[in-house]
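Working notes, beginning with the structure itself.
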Amino acid sequence: MSPVEDQHIGAADILIVVDVQNDFCPGGALAVPHGDEVAPIINHIAARFRHVVLTQDWHPRGHFSFASSHPGKKPFATIAADYGPQVLWPDHCVQDSLGAAFHPALHIPHAALVLRKGMNPAIDSYSAFYENDRKTPTGLVGYLRERGFRRLFLAGLAFDFCVRYSAEDGKREGFAVTVIEDACRSIDIDDSAAATRKSLAVLGVNRVPNLAPI
Ligand SMILES: [Zn+2]
């Protein structure tokens, strides 16, 4: 775990809260174990940031990433998509459904932007920056650069999928990126949480257990 040199949060820092939605919490269609626990933790962290972005997985019905869109396939199987391997998921975060809504305990009224992703029916989007074809941008890089942010702090669900890919893309785009681990939970399919820690380390993404008290 690498230390963050300066945990004083300033004007060039932004918190990116990834997919804290009902379907990713216990009782939801694609529940991340203990996913709901992050809501109060993130609320507390967000109070220290002037700038916050929320992301929201937001799929049309019949989305390509749903196992139900592939006859004979079960959730959590991996298929070969045109753009590479794609894990198939239970139907989740369908646009305008209760499952796609933010968890009711998440309360960040000063968040400036809700970035929706996964809206292309034929491509999944784990990252808040690029769809899973790795080349279709969501526009978030432009927003962050134009606003002058330099350090990104990430929290949310799931650590080993959408938080991971968002953190890695943010780093590749030249931002300093820190994942706050106590504010994330993992799905952990086939050791994906361990693979995520390794990959973040290789790419130079910071991980901290929490933000030090001020
Ligand atoms: Zn999704």
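The values are calculated or read from the model by the stated rules, or taken from the named source; none is laboratory data. Predicted, not measured: the structure shown is a model, and the values here were computed from it. Ideal geometry is used to build each Cβ from the backbone, glycine not excepted, and the neighbour counts take in all protein chains shown.
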*Of the conditions (1) within 13 Å of the ligand (Cβ to nearest atom); (2) surrounded by fewer than 16 Cβ atoms within 10 Å (Cβ to Cβ), Ala77 fails just one. Which one is it?*
(1)
*Are there any pairs with C-beta distances below 7 angstrom linking a residue in segment 185-207 that is under 20 Å from Leu15 (Cβ atoms) to a residue that is of a type in the set (S, T, N, Q) and surrounded by 21 or more Cβ atoms within 10 Å (Cβ to Cβ), with the two at least 6 apart or on different chains, and if so which?*
Asn206/Thr178
*asked:* Condition first: touching a strand residue (DSSP E or B) at 6+ places or on another chain (Cβ under 7 Å), within 11 Å of the ligand (Cβ to nearest atom) and closer than 30 Å to Arg48 by Cβ. Can you find one or more residues in segment 120-132 that meet it?
replied: yes
*Looking at Ser127, Ser166, which is the one that is at pLDDT 95 or above, hydroxyl-bearing (Ser, Thr, Tyr), within 26 Å of Cys93 (Cα to Cα) and part of a loop (DSSP other than H, G, I, E, B)?*
Ser127
*Neighbours by Cβ (under 9 Å, 6+ apart or cross-chain): first from segment 47-60, touching a residue at least 40 places away in the same chain (Cβ under 8 Å); second surrounded by fewer than 22 Cβ atoms within 10 Å (Cβ to Cβ) and of a type in the set (Ser, Thr, Tyr)*: Val53/Tyr143; Thr55/Thr138
*Taking segment 27-50 as the search range and keeping residues that are within 14 Å of the chain's Cα centre (by Cα) and away from the ligand (no atom under 16 Å from the Cβ), which one is farthest from Asp91 (Cα to Cα)?*
Ile42
*asked:* If I go through segment 97-119 residue by residue, how many of them are surrounded by fewer than 20 Cβ atoms within 10 Å (Cβ to Cβ), within 14 Å of the ligand (Cβ to nearest atom) and not in a loop (DSSP other than H, G, I, E, B)?
replied: 2
*asked:* Restricting to segment 184-206, name every residue that is more than 15 Å from Cys162 (Cα to Cα) and part of a strand (DSSP E or B).
replied: Asn206
_Need the failing condition index for Arg150 against (1) buried (at least 23 other Cβ atoms within 10 Å of the Cβ); (2) at pLDDT 95 or above, just the number._
(1)
*List the number of the failed condition for Arg61; all other conditions in (1) within 15 Å of the ligand (Cβ to nearest atom); (2) surrounded by fewer than 14 Cβ atoms within 10 Å (Cβ to Cβ); (3) modelled with pLDDT under 95 hold.*
(3)
*asked:* Quick check on Cys184: is it buried (at least 21 other Cβ atoms within 10 Å of the Cβ), modelled with pLDDT of 95 or more and either within 13 Å of the ligand (Cβ to nearest atom) or polar (S, T, N, Q) (or both)?
replied: no
*asked:* With the structure loaded, tell me whether Val177 is buried (at least 16 other Cβ atoms within 10 Å of the Cβ) and without any contact (Cβ under 8 Å) to a residue 60 or more places away in the chain or whether it fails that test.
replied: yes
*Could you run through segment 133-158 and say how many residues are within 16 Å of the ligand (Cβ to nearest atom), touching a helix residue (DSSP H, G or I) at 6+ places or on another chain (Cβ under 6 Å) and under 20 Å from Gly204 (Cα atoms)?*
1
*Regarding His92, is this residue more than 15 Å from the ligand (Cβ to nearest atom), at negative phi, modelled with pLDDT of 95 or more and not aliphatic (A, V, I, L, M)?*
no
*Within segment 169-183, how many residues are closer than 17 Å to Ser125 by Cβ and either among the hydroxyl-bearing types (Ser, Thr, Tyr) or outside any helix (DSSP H, G or I) (or both)?*
1
